[in-house]
Amino acid sequence: MTQNLLAHAGLAWPVPWLQTLLCALAGLAALLAWTPIADRIATPLFPKPPTLGAFRGLQQSTLKLVIGIIVAWVLGGFLEELLLRGVILQAVEAFFGQWVMPGWAATFGIVAAAAVAAVLHLYQGPRAAFIITQLSVLFGVLFVASGYNLWAVILAHGLYDTFAFIRFAMGKSRYSKDTATAPSPADTR
């Protein structure tokens, strides 16, 4: 019973792990290539930079960075993908699959999951939520293109967050300095 639920969510143990890894790396490459484009699209629509104060700790020590990456793998890579792709995308696709062609049903599922991702990330501000919406569409496409293999998406998401956190901590992100120099809410009281 539990195995059937996990398999339905996309968490069946992938027989070809190499194929799963290659799908994850291809997805990661697409995400990394699209990120600056997503930012360019979002910036004129939402001029205020993302609010990334919640990630300031990543810049304070290597230990906090490592803990942040572990938390990102658990919350973003695993739980977020399980919810967004394993549950929401597939539930919306199954619902619409009764009335529309399968490609359209999958598209509706991808869009619904991306909309929920936007809401989950509103704490980072509208620009970040819009960028994440675009990236979430790519995660959804990867999920469907990989044959509903959630492991490929989990790996891609975890690796993406790892790269993003390291770049942010090292001051290589476009938004690293904005967050590092901005006072935290505690500093303004």
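Of the residues HIS157, HIS121, the one with the fewest other Cβ atoms within 10 Å heads the list, and the complete ranking is HIS121, HIS157. Principal-axis analysis of the Cα atoms of the chain puts helix 150-169 at an angle of about 10° to the longest axis. Fewest-first ordering of SER176, SER146 by other beta carbons within 10 Å of each residue's beta carbon gives SER176, SER146. Counted by neighbouring Cβ atoms within 10 Å, the residues ARG85, ARG127 run from fewest to most as ARG127, ARG85. Simple spin-label estimate for LEU18 and MET170 gives 3.0 nm between the two label positions (7 Å along the Cα-to-Cβ direction from each Cα).
Where a number appears in this text, it was derived from the coordinates with a stated rule and is not lab data. Just so you know, these numbers come straight off a predicted model, no measurement behind them. Ideal geometry is used to build each Cβ from the backbone, glycine not excepted, and the neighbour counts take in all protein chains shown.
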